[in-house]
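Participant: Following this message is one structure expressed as C-alpha cells.
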Amino acid sequence: HERFRNNLRTTLADANLEGDIIILEHSPDIFPVVTGENSISKRTKLFLAGHTHGGQVWFPILGSLIVPSDHGDKYAFGHVRENGTDMFVTTGVGMSVFPVRFLVPPEIAVLTIRSR
C-alpha cells in the first residue's frame, strides 16, 4: 500500500486539481489510506471499488467466509462512510476462484451523484 500512497500523492500534486476528488480503484483495501488519520487528501469524497465480489457466498449468521481483502468482510460490498468519505463496493457480475455465488447476486450498480 505504500507504493499506492506515494503514487497517489504524486498524482494529486502533479494534477493541480481543484474541488472534490472521486477515486475509482479495483480493490477497496486502500480505502483506509485515503480516509485514515494520515490520509493523502481530505478532498476525496467518493471512492468506488469492486474486487471482492461480495465474498460470492454468504451464509445467514456466519456471513461471508472468504473475502479477498486485507480487511475481511468490512469492505465486502455496499456503502461505507469513514472520516467524511463515502465508498461503494459493488459485488460485480463475475466470479473469482470458484464458479459459484450463494445469496450474493451479481449486480451492475447505477449510482446517482448529487452535490450538497
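Here, each number is a calculation from the coordinates, and none is a lab measurement. Computed from a predicted model, the values in this text were never measured in an experiment. As a convention, Cβ positions derive from the backbone with ideal geometry for all residues, glycine included, and neighbour counts pool all protein chains shown.
Participant: For every helix of n ≥ 4 consecutive DSSP H residues, a contribution of -39,500 (n - 2.57) applies; sum these over the chain, divide by its total residues, and give [θ] at 222 nm rounded to the nearest 500 deg cm²/dmol. Let's see the in-between values first.
Facilitator: On the way: 2 runs with 19 residues, N = 116.
It comes out at -4500 deg cm²/dmol, rounded to the nearest 500.
Participant: Can you give the percent of C-alpha pairs in the chain whose distance is more than 25 Å?
Facilitator: Details: 1846 of 6670 pairs.
Considering the chain, 28 percent of its Cα-Cα pairs are separated by more than 25 Å.
Participant: Rounded to the nearest 5, what % of DSSP beta bridges with both residues in the chain are antiparallel? Could the numbers behind the result be given before it?
Facilitator: On the way: 6 of 15 bridges.
If we restrict to bridges inside the chain, about 40 percent are antiparallel.
Participant: Also, I was wondering about something else. How would you rank 89-99, 20-30, 103-113, highest first, on the average number of other Cβ atoms within 10 Å across their residues?
Facilitator: Values: 89-99: 14.5, 20-30: 16.1, 103-113: 10.5.
Going from most to least packed, we get 20-30, 89-99, 103-113.
Participant: Between Glu107 and Asp70, what is the label-to-label distance in nm when each label sits 7 Å out along the Cα-to-Cβ direction?
Facilitator: Output for this residue pair reads 2.5 nm.
Participant: What angle do you read, to the nearest 10 degrees and between 0 and 90, between the alpha-carbon axis of helix 2-15 and the longest principal axis of the chain?
Facilitator: 50 degrees
Participant: If you average 1/r over every pair of different alpha-carbon atoms in the range 50-104 and take one over that average, what Kirkwood value in Å do you get? Each step should come with its number before you reach the end.
Facilitator: Numbers: mean 1/r = 0.0866 Å⁻¹.
Result for the range 50-104 stands at 11.5 Å.
Participant: Between Arg3 and Ser115, what is 0.36 nm times their sequence separation minus the Cα-Cα distance? Round to one decimal in nm. Please report the intermediate quantities before stating the final value.
Facilitator: Numbers: separation 112, 0.36 × 112 = 40.32 nm, distance 3.16 nm.
Value of the extension gain: 37.2 nm.
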